[in-house]
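**Q** This is the structure, below, for whatever I ask next.
The values are calculated or read from the model by the stated rules, or taken from the named source; none is laboratory data. No experiment lies behind these values; they were computed from the predicted model shown. Neighbour counts run over all protein chains shown; Cβ positions are idealised from the backbone, glycine included. With ligands, DNA and RNA removed, areas are computed over all heavy atoms of the protein, side chains included. Shrake-Rupley method; radii C 1.70, N 1.55, O 1.52, S 1.80 Å.
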Amino acid sequence: MGYGFLDIAVTPAVRAVQDRLGVAHLWENFKGHRTFDRFTDQEAAFITSRDSFYMATTSETGWPYVQHRGGPQGFLTVLDDRSLAFADQRGNRQYISVGNLSTNDKVSLFLMDYPRRARLKIYALAEIVALDADPALTARVPGATAPKAERIIRLHLEAFDWNCPQYITPRFTEAELTEALRPVRDRIAELEAENAALKAALQTQGGAERGDGVLSPGDDAMRDGEWQR
């Protein structure tokens, strides 16, 4: 049996730390099968619903670099059960990630769902593809024909795993907040309309009781008496 993600992540140095801290046995006797080297419908749905992710690369001097990537939902495309792709848009033109990938194609991705406190982590090998190198691929990747698109980065899955929700603080996008608060706003609008109707009814009732704009016989007599005095 295997645990694909940890088979990659647990190096001899990591194992030494696990031994020293007395937790190595938790992973040495793992009985399940978690190679997770193919995306299922669950992962595909999760990936295509993301509007951002984090990607880590490593330079030839050994320094890691984490970059945030964002776009409309689905900009990170599931090509098949073992590969992803996204259009690399022009940014500040430092090209740190692209430079790192030119010497080390290994990447690590974190995909976050903050409202539901879910986290998908992925190990992959990255391939830089020119926009005109594979027209069929370019046609499948959202944003690949946009004016700022510079290349396509295709990711070949090595292993993935799901993290526990511990310590993930829920956060919400403007669109998520708008949708979540829609019932509240609808109710507020309903109450405001009721309040306006009640105000109008009270004003109408008060005007009728005061006789606003209408002279009664008693009013005429009073005015006549005041005139005589």
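**Q** Across the stretch 167-176, which residue is farthest from the chain's Cα centre (by Cα) among those that are of a type outside the set (Ser, Thr, Tyr) and open to solvent by less than 80 Å² (accessible area, probe 1.4 Å)?
**A** Once the filter is applied, the top-ranked residue is ILE168.
**Q** Taking the condition open to solvent by 30 Å² or more (accessible area, probe 1.4 Å) and among the aliphatic types (A, V, I, L, M), does ALA118 pass?
**A** no
**Q** Can you name the number of the only condition in (1) under 25 Å from ARG34 (Cβ atoms); (2) open to solvent by less than 20 Å² (accessible area, probe 1.4 Å) that ALA144 fails?
**A** It is condition (1) that ALA144 fails.
**Q** Go through (1) surrounded by 15 or more Cβ atoms within 10 Å (Cβ to Cβ); (2) touching a residue at least 24 places away in the same chain (Cβ under 8 Å) one by one and return the number of the condition ARG90 breaks.
**A** (1)
**Q** Take ASP132 and decide whether it is open to solvent by 40 Å² or more (accessible area, probe 1.4 Å) and not β-branched (Val, Ile, Thr).
**A** yes
**Q** Hey, another quick one. Being in contact with a helix residue (DSSP H, G or I) (Cβ under 8 Å, 6 or more places away or on another chain), open to solvent by less than 90 Å² (accessible area, probe 1.4 Å) and at pLDDT 95 or above narrows it down to one residue among THR103, THR57; which is it?
**A** THR57
**Q** Does PHE46 qualify as being touching a residue at least 60 places away in the same chain (Cβ under 8 Å), in a loop (DSSP other than H, G, I, E, B) and surrounded by 14 or more Cβ atoms within 10 Å (Cβ to Cβ)?
**A** Judged against the criteria, PHE46 is not a match.
**Q** Among THR48, THR40, THR77, THR61, which is closer than 20 Å to PHE172 by Cα and not charged (D, E, K, R)?
**A** When all the criteria are applied, what remains is THR48.
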